[in-house]
Amino acid sequence: MASRTPPLTRHVVSINDLTNQEIEGIFDIAQRYLDELGDPNLDYRIAQSTDVGSKFILATLFYEPSTRTRLSFESAMLRLGGEIITSDDPAASSAKKGESLADTIRVISNYSDIIVIRHPRDGAAKLAAEYSPIPIINGGDGAHEHPTQTLCDLFTLTKKGKRTENNKKPRRLEGMKVAISGDLKGSRTIHSFVYALARFGAIIEPMPAAGMELPAHVDRRLREEFQSRTIAKNAQSGDDQIDVLYVTSDKPHQQSLFAGPEVVDYGVAIQKKVDAVYVTRFQKERYSEEKQAPYLKIDAKFMKDARYADASVMHPLPRVDELDVDLDTDRRAVYFQQAAYGVPIRMALITMLLNLKNKSLQKFNDGFAKPTYFVYRQPIDRGVRCINKNCISHEPSEQQYVANKFFVVPDTQPHGFRLRCLYCETDIEETATRDFVVTDTTKHTYTRGLEALHHAAPDKIKHLVICESETDAQKHGFRLNPGKVAKAS
Ligand code: NCD
């Protein structure tokens, strides 16, 4: 499989494809559009159009229901003076005939200049990006991410509080305390949102419904890559404490102070007041069983607590019954503004990705500093597979177009590495039954752990295939490389 993406094409698959500076740049442009084209009576609403995008076409390719994301992208493109084409019903497109996403993208990228995709499979937007010579924007891929919703969410947060004519400056995200409630496991909006909150130094207070906690791999990335601060109740005092320490190599002072256990109680009591309560609906379409666990309803009674006296109430919408309509008239409710910001924010993102008005606007640079993890790649029918059954790599129609691609991420135990799917970013860790070995298909031997990948010469790597266990390797006729001794675990 060959990636056909020219190196300079920028895609926004994850919120982590954008640097903090780029996100702030998007906010500046969005604000500029609001100032120039906004409704004088409603400061969150775009009311006029411009022609800066008049030569361009946006394609919306939606394999899942959408109201806000698709229509606000389309409105944004029309407000920029551009044109739109749309495919919003998989039953009425060639997907129904069995056409792969990879082929669809290679076709549509000749009909448009930028594509927004929404898909039920985690990692679908990444696959689309691999086959697209034009920018791909992820409008939500399964339970993975929804980066442009996060841009709307952060922008809403920066506008929190009263601003006078003389003080139009956006609020800083750093130090803001944001409670996130509901389905933190199935909500893609949450996954992009928490990464961004962590990166901007906000404090996250998870309030999950039972069994809908943040996925372990998201939580772990927050701690290990983004130095997030999350809240937990102190069992004795009931006070909020920052309870998780995120040790990273670029924070050596933290490492030296707190080296040792991964989770360390800072013991620091933090401000009780919450700046925002972000509510999510139960993502029933992501679960096989229909039954919903007891779910917290955010209503006037909940918001009466002094902690929430000045907390904005946010929701990516649609709401079902987790957010009481009685709050609609509450001064703290900002969810309809949050949805309205979809237009200026998406206008700004399109402006940057298409480099419209390129003299006056900041260009995208090389993106968020990616961890320089080694990427392992093998054909899809060889060796270890992604454990996330909803990953695009398991979609039958994409089998000829995806590969077994994993980041090899340094880990503490037991063999020093874990794998992270390149498409859906789910981590695959070693367990009692999964004990990675690297097989050498030329010598018919295997070594324990993943270290052999790192030591292999570049021309030898294609002969190395990761198996889930020694038993698996032995079943396929490989024997332990006598020269290599197992690392103590
Ligand atoms: C969200 C989504 O599709 O993930 N909707 C949206 O884009 N605003 C949230 C949801 O469906 O619950």
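Points to keep in mind about this one:
- Enumeration of residues in the range 320-352 that are touching a helix residue (DSSP H, G or I) at 6+ places or on another chain (Cβ under 8 Å), in a loop (DSSP other than H, G, I, E, B) and within 16 Å of the ligand (Cβ to nearest atom): V334, Y341
- Members of the range 385-423 that are in a loop (DSSP other than H, G, I, E, B), crowded, with 24+ Cβ neighbours inside 10 Å, among the hydrophobic types (A, V, I, L, M, F, W, C) and under 18 Å from the mean Cα position of the chain (by Cα): C386
- Index of the failed condition, T426 passing every other in (1) at pLDDT 95 or above; (2) closer than 15 Å to F374 by Cα; (3) open to solvent by 10 Å² or more (accessible area, probe 1.4 Å): (2)
- Scanning the range 269-291 for residues that are of a type outside the set (S, T, N, Q), modelled with pLDDT of 90 or more and open to solvent by less than 100 Å² (accessible area, probe 1.4 Å) gives K273, V274, D275, A276, V277, Y278, V279, R281, F282, E285, R286, Y287.
- Qualifying residues in the range 37-80 (those that are of a type in the set (V, I, T) and part of a loop (DSSP other than H, G, I, E, B)) - the one nearest to the ligand (Cβ to nearest atom): T67
Residues are listed down the side, and each one gets a yes or a no for (1) open to solvent by less than 30 Å² (accessible area, probe 1.4 Å); (2) of a type outside the set (V, I, T); (3) within 16 Å of the ligand (Cβ to nearest atom):
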{"site": "D183", "(1), (2), (3)": "yes, yes, yes"}
{"site": "T189", "(1), (2), (3)": "yes, no, yes"}
{"site": "V194", "(1), (2), (3)": "yes, no, yes"}
{"site": "I203", "(1), (2), (3)": "yes, no, no"}
{"site": "E213", "(1), (2), (3)": "no, yes, no"}
{"site": "H217", "(1), (2), (3)": "no, yes, no"}
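- Scan of the range 99-138 for residues that are farther than 22 Å from C386 by Cβ, part of a strand (DSSP E or B) and either within 16 Å of the ligand (Cβ to nearest atom) or open to solvent by 30 Å² or more (accessible area, probe 1.4 Å) (or both), ordered by number: V116, I137
- Condition check for P6: under 27 Å from the mean Cα position of the chain (by Cα), at pLDDT below 95, open to solvent by 50 Å² or more (accessible area, probe 1.4 Å) and within 16 Å of the ligand (Cβ to nearest atom): no
- The range 336-359: number of residues that are in contact (Cβ under 8 Å) with a residue 24 or more places away in the chain and closer than 22 Å to R281 by Cα: 6
- Considering the range 349-377, and only residues there that are surrounded by fewer than 20 Cβ atoms within 10 Å (Cβ to Cβ) and more than 24 Å from the chain's Cα centre (by Cα), the residue that is modelled with the lowest pLDDT turns out to be S360.
The values are calculated or read from the model by the stated rules, or taken from the named source; none is laboratory data. Since we're looking at a predicted model, the values are computed, not measured. Cβ sites come from the backbone with ideal geometry, for glycine too, and all protein chains shown count toward neighbours. Accessible surface is based on the protein model in full, side chains and every heavy atom, while ligands, DNA and RNA are left aside. Shrake-Rupley method; radii C 1.70, N 1.55, O 1.52, S 1.80 Å.
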